[in-house]
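Coordinate-derived values only; no laboratory data. Everything numeric here is computed off the predicted structure, so don't read it as measured data. When we count neighbours, we look across all protein chains shown, and the Cβ atoms used for this are built from the backbone with ideal geometry, even at glycine.
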Amino acid sequence: MKDIIGVYSTAASHWVGDGFPVRSLLYYGDLGERISPFLLLDNAGPMQFAPTDKRRGVGTHPHRGFETVTIVYAGEVAHADSAGNSGVIGAGDVQWMTAARGILHQEYHSEAFARQGGTLHMAQLWVNLPAKDKMSAPRYQAIVNADIPRIALPDEAGTLRVIAGDYQTTHGAAKTYSPVNVWDLQLNADKAVYLQSPATHTTILVVLQGNLTVNDQQVVAANQIVLFQHNDEQLKIHTNEATVALLLTGEPLNEPIVGQGPFVMNTQAEIRQAMVDYHAGRFGA
Ligand code: MN
């Protein structure tokens, strides 16, 4: 079994704009290169929103140097960016946006969801780019639920969706720049699930909702993450409640991480350049 390095939790929540009440469960500022190639994961909601005509969300802002992956579980998020991509990300859908050399975008509750109200629950993951790809062209993958391979786990334990990477012989939906697995686990209560990840990979279990026990020893609640050692390939989950979790694994990039706000590069000079380029309008409009 993979040994556990630690279990981390975030009690504090904050608002991203006025649309997304998030807990930052992963953050490179705290966990550093141990979570490479991942940088951040925000769990937004679940929260109930009353019907409104107001536009709730976050207005135009830049990103450079990494990818943002938005996984919607409930509600709808509307997106538009400076590369000309726009659309609505509905429940079960995933948007895998490669900011790379730079984009500007907006993220709002969709108009239909805002009018109707209801539960919003989404996760946003930031995946770092290798240095050689940070200044490549932006890319946009709008991945609908029906295009994400779905595996029925043994013993009616639940389902595993292969958002990226490979699960056994099943290829995931998203293209990635470095070897990464993103598996979305929707598990029933009181079930055992065994998962494998390459010993070379960073391995992180993120519990978004529910409660489970890892390797028969560590209880993990919603809004907690488990970071695993590289000593072995297998981990065991036993669900104490119905649980929604993400298993994130990836080859560490082993490159310096220098970030400021929406920019994550390899050097301070590159961060300064990102600000110059942003203020000069080189991220588009
Ligand atoms: Mn953004």
Worksheet item: Across the stretch 107-123, in residue order, what do the Karplus-derived ³J(HN,Hα) couplings come to in whole Hz, using 6.51 cos²θ - 1.76 cosθ + 1.60 with θ = phi - 60° and x for Gly and Pro?
Response: 10, 10, 4, 5, 4, 5, 5, 4, 5, 7, x, x, 8, 10, 9, 8, 10
Worksheet item: Along the three principal axes, how long is the chain when you take its alpha carbons, biggest first, rounded to the nearest angstrom?
Response: 54, 45, 36
Worksheet item: With all pairs of different alpha carbon atoms counted, what Kirkwood hydrodynamic radius in Å does the stretch 183-285 show?
Response: 16.0
Worksheet item: aspartates and glutamates near residue 236 by alpha-carbon distance under 14 Å, same-chain residues fewer than 8 away left out - which ones?
Response: 3, 190, 216
Practice prompt. Would you list the P(r) distribution for the stretch 69-123, with all Cα-Cα distances sorted into 5 Å bins from 0 and each bin expressed as a whole %?
Written response: 5, 20, 30, 23, 14, 6, 2, 0
Worksheet item: For residue 196 and residue 268 in the same chain, what is the full-extension length gain: residue separation times 0.36 nm, less their Cα-Cα distance, in nm?
Response: 22.2 nm
Worksheet item: Which FRET efficiency value, to the nearest 0.05, do you get for residue 119 and residue 11 by plugging their Cβ-Cβ distance into 1/(1 + (r/R0)^6) with R0 = 25 Å?
Response: 0.70
Worksheet, complete the sentence: So, relative contact order of the chain in percent, Cα under 8 Å, 6 or more apart, is 21
Discussion item. Let me check against my output: what whole-number percent is the relative contact order of the stretch 133-264, with C-alpha pairs under 8 Å and at least 6 apart?
Written reply: 24
Worksheet item: Please state the relative contact order of the stretch 1-146 as a whole percent: Cα pairs under 8 Å, 6+ residues apart?
Response: 29
Discussion item. Across the stretch 244-285, what fraction of all alpha-carbon pairs, as a whole percent, falls in each successive 5 Å bin from zero upward?
Written reply: 5, 19, 20, 16, 14, 10, 11, 5, 1
Discussion item. As a footprinting exposure proxy, order 64, 34, 23 by other Cβ within 10 Å, with the fewest listed first.
Written reply: 34, 23, 64
Discussion item. Using the Karplus curve 6.51 cos²θ - 1.76 cosθ + 1.60 with θ = phi - 60°, what ³J(HN,Hα) values do you get for each residue of the stretch 27-34, in whole Hz, with x for Gly and Pro?
Written reply: 7, 5, x, 9, 9, x, 6, 5
Worksheet item: Extension gain residue 33-residue 56, at 0.36 nm per residue separation less the Cα-Cα distance, in nm?
Response: 4.9 nm
Worksheet entry | Nearest-0.05 FRET efficiency for residue 136 and residue 229, computed from C-beta distance (R0 45 Å) | 0.90
Item to complete: Extending each Cα 7 Å along its Cβ direction at residue 175 and residue 155, get the distance between those two points in nm, one decimal.
Response: 3.9
